[in-house]
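S.K.: Input: one structure, supplied below.
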Amino acid sequence: MRTRNLLLLLLGSYTLSACTVMSYQSRVDYGTSVFKRQNALSTEIMMIDDEMLLSKEDMDELLEVEMEMQQACRLLNEYALKEMDHEPISLLFKKQANDSVDDCAESISDVESLLEDVEIDDAR
C-alpha cells in the first residue's frame with residue numbers, strides 16, 4: 001500500500017511537471033508575441049507625421065495612451081533587452097516581467113482601439 005501511494009505521488013508529480021513545462025512554453029510564446037505587438041505598435045505611432053492630418057487632440061491622446069503602454073510594458077522590454085544582451089536575469093526579475101505581460105497586452109489593446117477610433121488621413 002505504501003509503495004502504491006509513493007508510485008501515485010511520483011506519477012502525479014511527473015504529470016504536474018509536464019503540464020508546467022507546457023504552460024511555461026506557451027507563456028513564453030505569449031510574452032514574445034506581446035513584446036512583438038508592442039514594438040510594432042510603437043513603430044506605427046512613430047511613423048505618424050504632420051502630413052497625416054491627425055488633429056492635435058487626437059495626437060495628444062494617442063501619445064498619452066502610448067506612454068501608458070510603454071510604462072505597462074517596461075519590465076517586458078527590460079527583460080527582452082537583458083536577454084538580447086545575454087545579461088544574467090534573476091528569477092525575481094523574470095517573475096516580475098512575466099507578471100507584467102497581461103497588463104502590457106491590455107495596454108496594447110487600448111492603443112490599438114484608439115488608433116482605430118482616430119482618423120488618420122495619409123495626405124501623401
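S.K.: Out of the residues in the range 25-52 that are among the small types (G, A, S) and surrounded by 12 or more Cβ atoms within 10 Å (Cβ to Cβ), state the one that is nearest to L114 (Cα to Cα).
M.R.: Filtering the range 25-52 for residues that are among the small types (G, A, S) and surrounded by 12 or more Cβ atoms within 10 Å (Cβ to Cβ), the one nearest to L114 (Cα to Cα) comes out as S42.
For (1) modelled with pLDDT of 85 or more; (2) among the hydrophobic types (A, V, I, L, M, F, W, C), each residue gets a yes or a no:
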residue	(1), (2)
L10	no, yes
L16	no, yes
D29	yes, no
E64	yes, no
M67	yes, yes
E78	yes, no
H86	yes, no
L91	yes, yes
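S.K.: Within the range 53-105, how many residues are in a helix (DSSP H, G or I) and either surrounded by fewer than 14 Cβ atoms within 10 Å (Cβ to Cβ) or free of Cβ contacts under 8 Å to residues at least 60 places away in the same chain (or both)?
M.R.: 37
The values are calculated or read from the model by the stated rules, or taken from the named source; none is laboratory data. Everything quoted here is computed from the prediction, not taken from an experiment. In this analysis, Cβ positions are derived from the backbone assuming ideal geometry, glycine residues included, and neighbour counts consider all displayed protein chains.
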